[in-house]
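*Asks:* Okay, here's the structure, questions in a sec.
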Amino acid sequence: MQVLIVDGYNVIHAWPRLKRALSERGLEDSRRLLIQTLSEYAAQTGVAVTVVFDAHSRVGGRHAAETIDGVTVRYGTTTASADHVIERLANEASRRGNAADVVVATGDRLQRSMVTAMGAGTMSAKALEEEVTRVASDTADAARRHRDEAIGARRVEHQLDADVLRRLEALRRGQPDGEGPSQS
């Protein structure tokens, strides 16, 4: 997958933490949280992410695509729903011959059937949540490993020859030059 197209409101209603944000803090915050999450995913994977929202819940009249933290954000219009925008994007990819590089994330079965017919891949909103969580976890694990390796690389004993380490350990234990127990 090189391009991920996300059915924004479908995902917001499918992911528990986004749904909770929607009910507790409102639509704008849940949208912002989804975009932030997708931005981190895009940065970690190199996948080009577009999220599409319906316009009926949009404050203001702008419908042009905008880029927020590396994520392309599109809105439907009063005459073209988010589903129509997603279908148009999949169709354009199909006409260019790169539909196989596109995956659409939505829980809408009809939407998934439509874009699959155009040659694009699909994943459920739940599968996207699992993928985003897996990538974030893998990235955190890699960061932790790199941090631990960096800490270890700064330790003097990791830079010393094995014989020198053996002799130092013998000295620490009071053994002369690493040769058996000390004779007192």
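Conditions (1) under 22 Å from the mean Cα position of the chain (by Cα); (2) outside any helix (DSSP H, G or I), marked per residue:
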{"residue": "Ala90", "(1), (2)": "yes, no"}
{"residue": "Gly107", "(1), (2)": "yes, yes"}
{"residue": "Leu110", "(1), (2)": "no, no"}
{"residue": "Thr122", "(1), (2)": "yes, yes"}
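*Asks:* Residues that are basic (Lys, Arg) and within 25 Å of Ala117 (Cα to Cα): does region 70-77 have at least one?
*Replies:* So far as region 70-77 goes, yes, one or more of its residues are basic (Lys, Arg) and within 25 Å of Ala117 (Cα to Cα).
*Asks:* Inspect region 161-168 for any residue being on the phi > 0 side of the Ramachandran plot and either modelled with pLDDT under 80 or assigned to a helix (DSSP H, G or I) (or both) and give the result as yes or no.
*Replies:* For region 161-168, residues on the phi > 0 side of the Ramachandran plot and either modelled with pLDDT under 80 or assigned to a helix (DSSP H, G or I) (or both): absent.
*Asks:* Turning to a different aspect of this structure: What number of residues within region 61-79 are out of contact with any helix residue (DSSP H, G or I) (no Cβ under 8 Å at 6 or more places or on another chain) and either of a type in the set (Val, Ile, Thr) or surrounded by 13 or more Cβ atoms within 10 Å (Cβ to Cβ) (or both)?
*Replies:* Qualifying residue count for the region: 6.
*Asks:* Anything in region 14-32 that is open to solvent by 80 Å² or more (accessible area, probe 1.4 Å), over 27 Å from Asp141 (Cα atoms) and touching a residue at least 12 places away in the same chain (Cβ under 8 Å)? List them, or say none.
*Replies:* Result: Glu28, single match.
*Asks:* Specify which of the listed residues (Gly152, Gly180, Gly119) is touching a helix residue (DSSP H, G or I) at 6+ places or on another chain (Cβ under 7 Å), farther than 24 Å from Leu34 by Cα and modelled with pLDDT under 80.
*Replies:* Gly152 is the lone residue from the list that is touching a helix residue (DSSP H, G or I) at 6+ places or on another chain (Cβ under 7 Å), farther than 24 Å from Leu34 by Cα and modelled with pLDDT under 80.
*Asks:* Criterion first (on the phi > 0 side of the Ramachandran plot and touching a residue at least 24 places away in the same chain (Cβ under 8 Å)) does Gly119 satisfy it?
*Replies:* So Gly119 passes the test.
*Asks:* Could you tell me whether region 33-53 includes any residue that is in a helix (DSSP H, G or I), under 24 Å from Ser137 (Cβ atoms), free of Cβ contacts under 8 Å to residues at least 60 places away in the same chain and open to solvent by 40 Å² or more (accessible area, probe 1.4 Å)?
*Replies:* yes
*Asks:* Additional query: Run down Tyr75, Tyr41 and say which single residue is modelled with pLDDT of 95 or more and of a type outside the set (Gly, Ala, Ser).
*Replies:* Tyr41 is the lone residue from the list that is modelled with pLDDT of 95 or more and of a type outside the set (Gly, Ala, Ser).
The values are calculated or read from the model by the stated rules, or taken from the named source; none is laboratory data. All values derive from a computational prediction rather than experimental measurement. Positions of Cβ are backbone-derived with ideal geometry, glycine not excepted, and every protein chain shown enters the neighbour counts. Remember, those area values only see protein heavy atoms, side chains included, never the ligands or the DNA or RNA. Shrake-Rupley method; radii C 1.70, N 1.55, O 1.52, S 1.80 Å.
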